[in-house]
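The values are calculated or read from the model by the stated rules, or taken from the named source; none is laboratory data. Please read all numbers here as calculations on a predicted model, not as lab measurements. Neighbour counts are summed over all protein chains in view; Cβ atoms, including those assigned to glycine, are modelled from backbone coordinates with ideal geometry. Heads up: the accessible areas ignore ligands, DNA and RNA and are worked out on the full protein's heavy atoms, side chains in. Shrake-Rupley method; radii C 1.70, N 1.55, O 1.52, S 1.80 Å.
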Amino acid sequence: MDDELHFSSAEEPPSFAAAEQDKSWRRAMLEEMSSIQENQTWERSTQDNQTWELIDQPANCRRIGLKWVYKVKRDERGEVVRHKARLVARGFV
């Protein structure tokens, strides 16, 4: 058996539009949304950390945007192990 190193050509997508075209990335995004909904992350954060709470938007305030962050997880041989997607708040106010 040859001990060749084979790399996958999988890369992080540059945008949501590109990610939604690939079933692996769609699955990763659905897993992230399910995790947020099942664990009720927003409620736990409010109760445990008292860091924020969900309210109606005041008339004089802008909403904080969200974006998807994509990462391909690889093993020590460089093979794709997992597609990981996280929904995060944008870093500006």
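Observations
- Note on segment 57-73: residues that are open to solvent by 100 Å² or more (accessible area, probe 1.4 Å) and part of a strand (DSSP E or B) total 2.
- Single residue of segment 82-93 satisfying the filter (open to solvent by less than 100 Å² (accessible area, probe 1.4 Å) and more than 8 Å from the chain's Cα centre (by Cα)) that is farthest from residue 29 (Cα to Cα): 91
- Of the numbered criteria (1) modelled with pLDDT of 60 or more; (2) hydrophobic (A, V, I, L, M, F, W, C); (3) surrounded by 11 or more Cβ atoms within 10 Å (Cβ to Cβ), the one residue 17 fails is (3).
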